[in-house]
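Written out below as structure tokens is the structure these notes cover.
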Amino acid sequence: MRSDTVKKGFERVPHRALMRALGLKDADFDKPFVGIANSYNTFIVGHIHLNELAQAASQAVLEAGGVPFVFGSIGICDGIAMGHPGMRLSLPSRELIADSLEAMALAHCVDGLVVIPNCDKSVPGMIMGAARLNLPTVVISGGPMLAGRLGDRIIDTNTAFEAVGQYNQGVIDEAELKAIEGAACPGPGCCAGMFTANSMNCLSEALGLALPGNGTIPAARPGRLELAGLAGRRIVELIREDLKPRDIITPQALENAIAADMALGCSTNSALHLPAIAHEAGLSLDLELFNRISEATPQLCHMSPSGPHHIEDLDAAGGVMALLKELSRKGLIHEDCPTVSGRSIGALLKEARNKDPQVIRPLEAPYRPTGGLAALFGNLSPDGAIVKRSAVAEDMLCHRGPARVFDGEESAYQAILGHRIEPGDVVVIRYEGPKGGPGMREMLQPTSTMAGMGLDRTCALITDGRFSGATRGASIGHVSPEAAAGGPIALVEEGDLIAIDIPRHCLTLEVPEAELARRRAGWSPRPPAVREGWLGRYARLVTSGNRGAVLE
């Protein structure tokens, strides 16, 4: 066992002395050491209950014959960080989380890991760290929040963001605004729609790194604690079996995850995180693969923010495994892929059942014939951009309009609030990419405010930054190369015509190449908004969004 490095032999007397002070006994030094990475904090409503899960997993590790060691990991609440400079730290925190997992596991020579993430960057960050370390690992997330209730309305966090635009338009009054604020988030868990955290928690099941139910069992339900106990027992078995993340994260498993992504209508952020996870596993994913799988995979779920259902509905319908079983009927799932359960995906699917064909549509009657995401290419995004096409109104799938150009989120948001955006406009927000932001801020405030004002059905928004999973409308992000790297988005000028054709995967700046060459000759790099500290280092090392914003 790897842990023998710190617990065996006479030269490890001081190491054992320190561990005995923790409560370890003679027999414990013959057992596997299990690190339990707990991202509990009291900033994030999705993380406030994670100590209970860590305790349940720890107890199960003890009962299974292992020794648990719990350690903390940072986490940022994207909702609280949204709309101000704090959002610059959200995506970079993914790298810090992966690094901290590596540091703790290697320094203390653990034999395996149970990782307990929940919200946005903690899920991919911990999976990236696990792939890098390649130690037996089980993911057990904190689970989704239940949807809120306001009278006969079912609401969620996105309702609160869109209420800002509705109030600004005079659609709702202050009393209703306050009522939404009080009802949108009724308890612990990650926000109730198919936003980024729930997307990645569901995809961790499809990858095979989490046990069935991980993505959908609500945080407030007893089944979540039971799942944590199963994870604790299973990790001890995985250590004995020597089944590691890189045995599970194969090209076929990544294709399974992308197929699930398309059928669920997941967040555009999955197109950042899956390539980053692949990178840590020594593999590569390009955006063309997302398109190929999307064209073959129907969208079977219509989840908030674009549809009426929430994660608790998906759980009641049979969860991720029921969805994968439906996809397997069309040969869209590699069933021989291993999972941390010790059984193949195919074996797990034999026990799955679709209990609600309105939440998980059958293949014969999908919500859409193609998947929820689309990658767009063209002279504005030579290396690709991403859009959640399942959240785009039908008449906005193809759009052509004049560019309204903003160098940063704040000026664009003020223009939206100030009613300076007209129907038909294409809002371009640049210098918000991984390097230029730095940090590739999510822009839920502009998109949700536009939606609340009704502009999501007449306007598009294009950025080298990114969007929350709660975004809906023709919101195209991850434009690569980004402006700070000299991408064509840096050359767009006010009034330029931009053509969007999502069905054909095209994003075109309708400006002659000679004129673009003239503009390029006059362009010079802009320094990032932050040049010191962690963000300064991040800006110097990070790649554009098409590569997952990984560090080099």
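Within the group Arg537, Arg526, which residue is surrounded by fewer than 22 Cβ atoms within 10 Å (Cβ to Cβ), basic (Lys, Arg) and outside any loop (DSSP other than H, G, I, E, B)?
Arg537
Out of the residues in segment 302-327 that are of a type in the set (Gly, Ala, Ser) and in contact with an Asp or Glu (Cβ under 6 Å, 6 or more places away or on another chain), which is farthest from Pro245 (Cα to Cα)?
We begin by selecting, within segment 302-327, every residue of a type in the set (Gly, Ala, Ser); these are 304, 306-307, 316-319, 322.
Restricting the remaining residues to those that are in contact with an Asp or Glu (Cβ under 6 Å, 6 or more places away or on another chain) gives 304, 317.
Values: Ser304: 31, Ala317: 29 Å.
Ranking the candidates gives Ser304 first.
Could you tell me whether any residue of segment 516-523 is without any contact (Cβ under 8 Å) to a residue 40 or more places away in the chain, in a helix (DSSP H, G or I) and in contact with a Leu (Cβ under 8 Å, 6 or more places away or on another chain)? Yes, there is a match, as at least one residue in segment 516-523 is without any contact (Cβ under 8 Å) to a residue 40 or more places away in the chain, in a helix (DSSP H, G or I) and in contact with a Leu (Cβ under 8 Å, 6 or more places away or on another chain). Among the residues of segment 215-224, those identified as surrounded by fewer than 18 Cβ atoms within 10 Å (Cβ to Cβ) and in a helix (DSSP H, G or I) are Pro222, Gly223. Counting only residues that are without any contact (Cβ under 8 Å) to a residue 12 or more places away in the chain and either outside any helix (DSSP H, G or I) or touching a His at 6+ places or on another chain (Cβ under 8 Å) (or both), segment 80-114 holds 1 of them.
Table: residues versus (1) closer than 16 Å to Asp407 by Cα; (2) modelled with pLDDT of 90 or more.
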{"site": "Ser448", "(1), (2)": "no, no"}
{"site": "Leu461", "(1), (2)": "yes, yes"}
{"site": "Ser468", "(1), (2)": "no, no"}
{"site": "Thr471", "(1), (2)": "no, no"}
{"site": "Ala483", "(1), (2)": "yes, yes"}
{"site": "Glu494", "(1), (2)": "yes, yes"}
{"site": "Glu510", "(1), (2)": "no, yes"}
{"site": "Arg518", "(1), (2)": "no, yes"}
{"site": "Glu532", "(1), (2)": "no, yes"}
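For segment 161-181, the criterion of being within 22 Å of Met321 (Cα to Cα) and modelled with pLDDT of 95 or more is met by no residue. Once segment 225-247 is narrowed to residues that are in a helix (DSSP H, G or I) and touching a Pro at 6+ places or on another chain (Cβ under 7 Å), the residue that is farthest from Ala64 (Cα to Cα) is Asp247. Evaluating Gln252 against the criteria (1) open to solvent by 30 Å² or more (accessible area, probe 1.4 Å); (2) among the polar types (S, T, N, Q); (3) in contact (Cβ under 8 Å) with a residue 12 or more places away in the chain; (4) not in a helix (DSSP H, G or I) leaves one unmet condition, (4).
Filtered by the rule that a residue be in contact (Cβ under 8 Å) with a residue 40 or more places away in the chain, in a loop (DSSP other than H, G, I, E, B), surrounded by 24 or more Cβ atoms within 10 Å (Cβ to Cβ) and of a type in the set (A, V, I, L, M, F, W, C), segment 416-475 gives Met440, Cys459, Phe467, Ala470.
The requirement of being in contact with a helix residue (DSSP H, G or I) (Cβ under 8 Å, 6 or more places away or on another chain) and over 20 Å from Ala228 (Cα atoms) is fulfilled nowhere in segment 135-145; no residue meets it. The set of residues in segment 156-189 being open to solvent by 40 Å² or more (accessible area, probe 1.4 Å), farther than 26 Å from Asn41 by Cβ and not in a helix (DSSP H, G or I) consists of Gly170, Val171, Asp173.
Going through (1) among the hydrophobic types (A, V, I, L, M, F, W, C); (2) out of contact with any His (no Cβ under 9 Å at 6 or more places or on another chain); (3) surrounded by 22 or more Cβ atoms within 10 Å (Cβ to Cβ); (4) in contact (Cβ under 8 Å) with a residue 40 or more places away in the chain one by one, Ala374 falls short only on (2).
The values are calculated or read from the model by the stated rules, or taken from the named source; none is laboratory data. The model shown is predicted, which means the values in this text are computed figures rather than measured ones. Cβ sites come from the backbone with ideal geometry, for glycine too, and all protein chains shown count toward neighbours. Heads up: the accessible areas ignore ligands, DNA and RNA and are worked out on the full protein's heavy atoms, side chains in. Shrake-Rupley method; radii C 1.70, N 1.55, O 1.52, S 1.80 Å.
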